[in-house]
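A.B. asks: First the structure, which I've put down as structure tokens, then a few questions once you've had a look.
Values in this text are rule-based calculations from the coordinates and carry no lab data. What you are looking at is a predicted structure, and each value in this text was computed from that prediction instead of being measured. All Cβ positions, glycine included, derive from the backbone under ideal geometry; neighbour counts span all protein chains shown.
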Amino acid sequence: MENFNTESLHSEIKPGAIFFSDEDLSCLSLRISSENVSKTLDYISNIWKNMCPDFTLNYSFYDDIIQNQYLEEKRLIATIGTSSGIAIFISCLGLLSMILFVVKRRTKEIGIRKINGAKVSEVMRMLINDLIKWVAIAFIIACPGAFYVMHRWLQNFAYKTEMSWWIFALAGILALGIALLTVSWQSWRAATRNPVEALRYE
């Protein structure tokens, strides 16, 4: 038969052999249907009691055994997911605070530009460009660190995939999209505001 893993993917495939013996039986592997599992287990338990009344039936599922081999990865994924969600939320709050600060600081400038014929799209582009520049700089700084951490983590596995550039490109596009969604609403509000309100006291 073809080679297969008897351990987790952290280890390479090792030589193995499967023997059949009618003496000193200690383990039995059965393939059962996923339908009516409880009834199937009751049936197996009754047969076991009839054949081996002096021994207790202990069973486990291969699905559970395989999943237990990757508990550390599951915890890591949960931790990274929670941390990433918190980081994205805090980043969005920071971007929102920055756009509110920029809008307040440049309120009169926006009013003057609109009086001179600036379009809403031009005003929005003016407000968003500076923030997008900082998002791009943060992405460029984060890429080497992310590559290093992912590379070190993949070294724990005997069989692993290669990291492609498009993964980082996709992450950059998602970060840019989140940033644009965060600041676009406030930028649009500032760009569509009546310039008279900004300049009435000048």
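A.B. asks: Looking at region 33-60, which of the residues that are in contact (Cβ under 8 Å) with a residue 12 or more places away in the chain and assigned to a loop (DSSP other than H, G, I, E, B) is farthest from L154 (Cα to Cα)?
C.D. replies: L57
A.B. asks: Inside region 150-168, can you point out the residues that are of a type in the set (A, V, I, L, M, F, W, C) and surrounded by 11 or more Cβ atoms within 10 Å (Cβ to Cβ)? Explain how you work it out, then say what you get.
C.D. replies: Here is the first cut: in region 150-168, the residues of a type in the set (A, V, I, L, M, F, W, C) are 150, 153-154, 157-158, 163, 165-168.
Across region 150-168, the qualifying residues are M150, W153, L154, F157, A158, M163, I167, F168.
A.B. asks: With the condition kept exactly as written, say whether any residue in region 176-197 is assigned to a loop (DSSP other than H, G, I, E, B), of a type outside the set (A, V, I, L, M) and surrounded by 11 or more Cβ atoms within 10 Å (Cβ to Cβ). So that I can check it myself, show each step before the final result.
C.D. replies: If we filter region 176-197 for residues that are assigned to a loop (DSSP other than H, G, I, E, B), which is where we start, we get 193-194.
Filter once more, keeping what is of a type outside the set (A, V, I, L, M): 193-194.
Next, from what is left, pick out any that are surrounded by 11 or more Cβ atoms within 10 Å (Cβ to Cβ): 193.
Yes, the conditions are met somewhere in region 176-197.
A.B. asks: Then there is this: With (1) surrounded by 15 or more Cβ atoms within 10 Å (Cβ to Cβ); (2) closer than 19 Å to I173 by Cα as the list, and I88 as the residue in question, which single condition is left unmet?
C.D. replies: (1)
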